[in-house]
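As structure tokens, the structure follows; a few thoughts come after it.
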Amino acid sequence: MAVDRGLLLVVSAAVLVGLASASPFISDSVFQGSVGSTGRSLLQAKKSCPVNFEFQNYTIITSKCKGPRFPAKQCCDAFKEFACPFNDYINDESNDCASTMFSYINLYGKYPPGLFANECREGKLGLSCAGGTLILTRGSMSNYHEDHIEEMEDDYDMDDTADDMGEEHYERGMRDSDSEDEEHGQSNDKIPDTSSADARKGKDIQGIPWEKLAITRDKYRQTRLDQYKNYENMPNSGEAAAKECKPTEKGGMYYEFRQNTRSVKSTILHFQLRNLVWATSKHDVYLMSHFSVLHWSALSGLDTELMNVQGHVAPREKHPGSLLEGFSGTQVSTLSVKDNLLVAGGFQGELICKHTALSPDRKLAVIVGDDPNGLLIDANSGKTLHSLKGHFDYSFASAWSPDGRTFATGNQDKTCRIWDARNLSKSLHVLRGNLGAIRSIRFTSDGQFMSMAEPADFVHVFDVGSDYTRRQELDFFGEISGMSFSPDTDMLFVGVWDRTYGSLLQFGRLYNHSYLDSLC
């Protein structure tokens, strides 16, 4: 599976190049990628890293930096031994080397978020390397490509675009708290919830104070569309897929905004896996918040921790207290809740119960992953029934329509393909997003609507009855951790992960009651 990418607190390229060439240190900003802050940055794209970090020798770190205590000196010395040879690359914030490197370090070492950022401190310049400085600033160690909307409140000169934003983000990055735990506990009380009544009065549904910023929402949206960088495993897959896309008509109104709840922060671990929000009723939502599986009630407005996987998890221990059984520090990347069963899937293959997509009759399953082609298999025997060909990149989302025949696959080529299980020679429709990969797909239980979520900013709701020609576009800002229709189709919940504007967006279904007029 392709690696995680990080959010970058932007520093101007000229400053960073100067630091990298003139300094023998690893700057603190690089550490931002290790802390698990997975909000997509907004105003600056990154070049691909020229170093292939996938095949480096990570035992340099993992053989010395071990849990559960993770001794600081051993961990930091091992980290420097591994990272210093690459300091010129990871100090350069015009590329994504830092976030890529930490993605693999955390993958192979199963390290808790923020370990190296919190423990490895040597001075204002960063970590000293023989013959150079490893300039690991906290801004460049985050898990996504670009800069963060949180800094917009401090920067009222956004007309000067990315360069000015870069300077502001660098200063803010230097002021960030020393502990990611503090980040996790950051209060959102200063930004109140937004109701449908507030939105009708003109308030931004996320509480973003556009009136205080030197940029309009429309201009910022266009900048985002122009500069957002979609992650691809297959180069230029988006351009290739665009040639096959079905024209659709935007402007449908199927779900209307109801509430934005700031107290609920649904977070992301892996940038390709975005199924971390599930609704079991119009009032009950399950989601991930860092290491906690939470249940949130729309009736009480309260969330309850159902499970915490940061520590040792071994529900059926044969030898209580033995660390050889179970696992710890589980990084949950996939969540499913249905029929009183909660299943959490970990990044290292852990499975905790307290999602291939199965057809409604549970006889067929769609398998997608690190390959442009998907598979339709027999759910009982595991036998491959058909290969699904058409996508140009890797797929990480699939869903079945309740009709039992139609299913959809989402891909990094920015498209969602609709398939008919009775004829898989080619897909029925190819639907395109705005910014990037289609990371999550859901059908309503009545089969009338299908929603697809991009990595950030957009959820598209298609009218299935129109043969997918009409759609509603939900437009906001921030990384999407997941989305879910309630079983009765009345509500659509969308998790938004952003350090400042992270929340749970709630949309209610609009019904056509025009038939009542004929009774009058």
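Which of the residues belonging to segment 249-263 are within 19 Å of the chain's Cα centre (by Cα) and either buried (at least 24 other Cβ atoms within 10 Å of the Cβ) or on the phi > 0 side of the Ramachandran plot (or both)?
Within segment 249-263, Asn260 is the sole residue that qualifies.
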Test result for Ala365, under 25 Å from Ser451 (Cβ atoms), among the small types (Gly, Ala, Ser), open to solvent by less than 80 Å² (accessible area, probe 1.4 Å) and at pLDDT 90 or above:
no
Residues being charged (D, E, K, R) and over 24 Å from the mean Cα position of the chain (by Cα): count how many of those fall in segment 205-218.
2
Tell me the residue from Gly252, Gly301, Gly311 that is touching a Phe, Trp or Tyr at 6+ places or on another chain (Cβ under 9 Å) and either outside the structural domain of Asn411 (by the TED database) or within 18 Å of Asp488 (Cα to Cα) (or both), please.
Gly311
Subset of segment 50-72 [touching an Asp or Glu at 6+ places or on another chain (Cβ under 9 Å) and of a type in the set (D, E, K, R)]
Lys64
Which one of Lys414, Lys426, Lys383 is more than 30 Å from Gln310 (Cα to Cα), basic (Lys, Arg) and buried (at least 22 other Cβ atoms within 10 Å of the Cβ)?
Lys414
Given segment 29-113, what helices (runs of 4 or more DSSP H) lie entirely inside it while holding 2 or more residues that are more than 18 Å from Ser128 (Cβ to Cβ), modelled with pLDDT under 85 and of a type in the set (S, T, N, Q)?
97-109
Can Phe477 be described as open to solvent by less than 10 Å² (accessible area, probe 1.4 Å) and either at pLDDT 95 or above or not aliphatic (A, V, I, L, M) (or both)?
yes
Restricting to segment 322-332, what's the tally of residues that are open to solvent by 40 Å² or more (accessible area, probe 1.4 Å) and at pLDDT 75 or above?
0
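Specify which of the listed residues (Leu435, Leu335) is surrounded by fewer than 19 Cβ atoms within 10 Å (Cβ to Cβ) and at negative phi.
Among Leu435, Leu335, only Leu435 is surrounded by fewer than 19 Cβ atoms within 10 Å (Cβ to Cβ) and at negative phi.
The values are calculated or read from the model by the stated rules, or taken from the named source; none is laboratory data. Note that the structure is a prediction, hence the values are computed from the model and not measured. Reconstructed Cβ throughout: ideal geometry from the backbone, glycine too, with neighbour counts over all protein chains shown. Areas reflect the complete protein model, heavy atoms only, side chains present, ligands, DNA and RNA absent. Shrake-Rupley method; radii C 1.70, N 1.55, O 1.52, S 1.80 Å.
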